[in-house]
Amino acid sequence: MVKDEIVSWFIRNLILPKTEIIDKPGFIVTDSGNIQLRELLIPESLIVRLEQEIISNYSLEGKQILYSVGKKFGYSYSSLANIPTVENTPKERFKEFAYFLVRWVGTTFSRDIKYKLDLATKKFELEMQDYIVCSKNGLGQIMTEGGVSGIWAYVLCDKTIEGVQTRCKGRGDQKCEMISAPPAILKEQGLTFFTELNLYSMKFSREYKELNKIRETNYSQDSLKSLINSGTFKYEHGIVNFKGERHFQVEASLVYILENELKKLPNGEHILFQTAFDYGKSLGKRIKQEHSVRFMMDYLSVTGWGDILVIKNKVLSIYHPWLELSRTSNYTFFRGLASGLLSGLQDRDIILNRAVADTSRGYLNIIAEE
């Protein structure tokens, strides 16, 4: 019997109804019936360091950009998933949904979570243990302040809603606490907050469905489920670990929004590439003696990047996650991660400077090369 209440809830509500599809090589998919979203497993320490690097280099401007990334992601993800809002959902049903959403966050992003919801004032408060990223660096502009506020702004149909993390384990507090509410309420409580109103909706279109649908892979052999079953990836209490590194599951638009927003900072996109590169290189060195290039292919595949083939110093991603944002993407995050993995495996820096994208076959292919 599963004793942990959170894990028990996760199994009943997500795994058993097959909401999370993790048994297909190259794909991690959230399936809610009519909508299937491509997701990725992102190493927590990569985002921890990215926030640190951006804020170290750009101070308050950097914090604002990271908050904007998070809020835009939370809002666009909510629209893509077509989650219920106060305008299209009866009050009691909406409260049930809020409970479901918080429990999902509690299983995916934190060890424990409590919340208070006041629809009259539009105030939403969270109390969390070991929340991703912020509990490690004391920052959390992307996934905590911005991400939560973006979701809350969407479900309340009010783009002015912002958010502040008032306590954080990463700053020495016992737990992480977050409040998301209209600016007037935050000001009444004497809180300083960032603002982002340029939010956009994304829709689950026919093109999105076709370009991202699950297909049989030719090169990648393992799925996330098979590597969990073999013990290569550890899964416990809703948290996925690989070689002691926590990975969190997130809808794929996050990496594209990161790229778009960091382009606004001088050298910002380079910092994104370098941070992904450094993580990949460290991992490549660790797996070098064990599995070499074969495992690099499987690692990128099981974390959701598609069917992966490595030929010398060229990385091919077949069925790469596609979004409208990918039309103008430089695939910076993916190139950085793949460059780092190759570099760690070969004991010399290999920089995949460019990516060639092609959708002519009805899915997105990426060739990243020097």
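The values are calculated or read from the model by the stated rules, or taken from the named source; none is laboratory data. What you are looking at is a predicted structure, and each value in this text was computed from that prediction instead of being measured. Every residue, glycine among them, receives a Cβ derived from its backbone with ideal geometry; neighbour counts consider all protein chains shown.
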Residue that is surrounded by the fewest Cβ atoms within 10 Å (Cβ to Cβ), among those in segment 19-63 that are within 24 Å of K225 (Cβ to Cβ), in contact (Cβ under 8 Å) with a residue 24 or more places away in the chain and among the hydroxyl-bearing types (S, T, Y): S32
Condition broken by P266, with the remaining ones in (1) more than 29 Å from K225 (Cβ to Cβ); (2) touching a residue at least 12 places away in the same chain (Cβ under 8 Å); (3) not in a helix (DSSP H, G or I) satisfied: (2)
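In this structure, is G146 assigned to a strand (DSSP E or B), at pLDDT 95 or above and crowded, with 21+ Cβ neighbours inside 10 Å?
Values: assigned to a strand (DSSP E or B): no; at pLDDT 95 or above: yes; crowded, with 21+ Cβ neighbours inside 10 Å: yes.
So G146 fails the test.
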Strands (runs of 3 or more DSSP E) completely within segment 168-259 that count 3 or more residues being of a type in the set (D, E, K, R): 245-251
Some residue of segment 311-332 being surrounded by fewer than 24 Cβ atoms within 10 Å (Cβ to Cβ), of a type in the set (G, A, S), in a helix (DSSP H, G or I) and on the phi > 0 side of the Ramachandran plot: no
From the options R93, R103, residue that is free of Cβ contacts under 8 Å to residues at least 24 places away in the same chain, within 19 Å of A153 (Cα to Cα) and assigned to a helix (DSSP H, G or I): R93
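For segment 137-150, state whether one or more residues are charged (D, E, K, R), closer than 20 Å to L60 by Cα and in contact with a Phe, Trp or Tyr (Cβ under 9 Å, 6 or more places away or on another chain).
Yes, some residue in segment 137-150 is charged (D, E, K, R), closer than 20 Å to L60 by Cα and in contact with a Phe, Trp or Tyr (Cβ under 9 Å, 6 or more places away or on another chain).
Taking the conditions exactly as written (in contact (Cβ under 8 Å) with a residue 60 or more places away in the chain, closer than 30 Å to S282 by Cα and among the hydroxyl-bearing types (S, T, Y)), does S220 satisfy them or not? Break it down stepwise before answering.
Values: in contact (Cβ under 8 Å) with a residue 60 or more places away in the chain: yes; closer than 30 Å to S282 by Cα: yes; among the hydroxyl-bearing types (S, T, Y): yes.
Yes; evaluated as a whole, the condition is true for this residue.
Tally the residues that are under 24 Å from K71 (Cα atoms) and buried (at least 22 other Cβ atoms within 10 Å of the Cβ), restricting the search to segment 272-300. Steps first, answer last, please.
Taking segment 272-300 as the starting set, the residues that turn out to be under 24 Å from K71 (Cα atoms) are 272-276.
Filter again for buried (at least 22 other Cβ atoms within 10 Å of the Cβ), leaving 272-273, 275-276.
Number satisfying all stated conditions: 4.
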Count of segment 113-133 residues which are of a type in the set (S, T, N, Q), in a loop (DSSP other than H, G, I, E, B) and surrounded by 14 or more Cβ atoms within 10 Å (Cβ to Cβ): 0
Residue within segment 259-268 that is under 15 Å from I47 (Cα atoms) and in contact with a Lys or Arg (Cβ under 8 Å, 6 or more places away or on another chain) present: yes
Identity of the residue in segment 354-370, modelled with pLDDT of 95 or more and assigned to a loop (DSSP other than H, G, I, E, B), that ends up surrounded by the fewest Cβ atoms within 10 Å (Cβ to Cβ): S360
Among the candidates E44, E51, residue that is touching a His at 6+ places or on another chain (Cβ under 8 Å), charged (D, E, K, R) and modelled with pLDDT of 85 or more: E44
Where a residue in segment 295-313 is without any contact (Cβ under 8 Å) to a residue 12 or more places away in the chain and its partner, wherever it lies, is assigned to a helix (DSSP H, G or I), with Cβ under 6 Å and at least six apart: F295/I287
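Evaluate the following for S110: is it part of a loop (DSSP other than H, G, I, E, B) and either modelled with pLDDT under 80 or buried (at least 17 other Cβ atoms within 10 Å of the Cβ) (or both)? Walk me through how you get there before you give the answer.
Numbers: part of a loop (DSSP other than H, G, I, E, B): yes; either modelled with pLDDT under 80 or buried (at least 17 other Cβ atoms within 10 Å of the Cβ) (or both): yes.
Spelling it out, S110 is indeed part of a loop (DSSP other than H, G, I, E, B) and either modelled with pLDDT under 80 or buried (at least 17 other Cβ atoms within 10 Å of the Cβ) (or both).
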Every pair of residues 6+ apart whose Cβ atoms lie under 9 Å, when the first sits in segment 159-181 and is free of Cβ contacts under 8 Å to residues at least 24 places away in the same chain while the second is among the acidic types (D, E): R167/E127; R167/D173; R167/E177
Among the candidates T192, T121, residue that is of a type outside the set (G, A, S) and closer than 18 Å to S68 by Cα: T192
Tally, over segment 66-88, of residues that are outside any loop (DSSP other than H, G, I, E, B) and over 17 Å from G138 (Cα atoms): 13
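Of the residues L258, L262, L254, which is within 17 Å of L50 (Cβ to Cβ) and in contact with a Phe, Trp or Tyr (Cβ under 6 Å, 6 or more places away or on another chain)? Give the derivation first.
Values: L258 fails: in contact with a Phe, Trp or Tyr (Cβ under 6 Å, 6 or more places away or on another chain); L262 fails: in contact with a Phe, Trp or Tyr (Cβ under 6 Å, 6 or more places away or on another chain).
When all the criteria are applied, what remains is L254.
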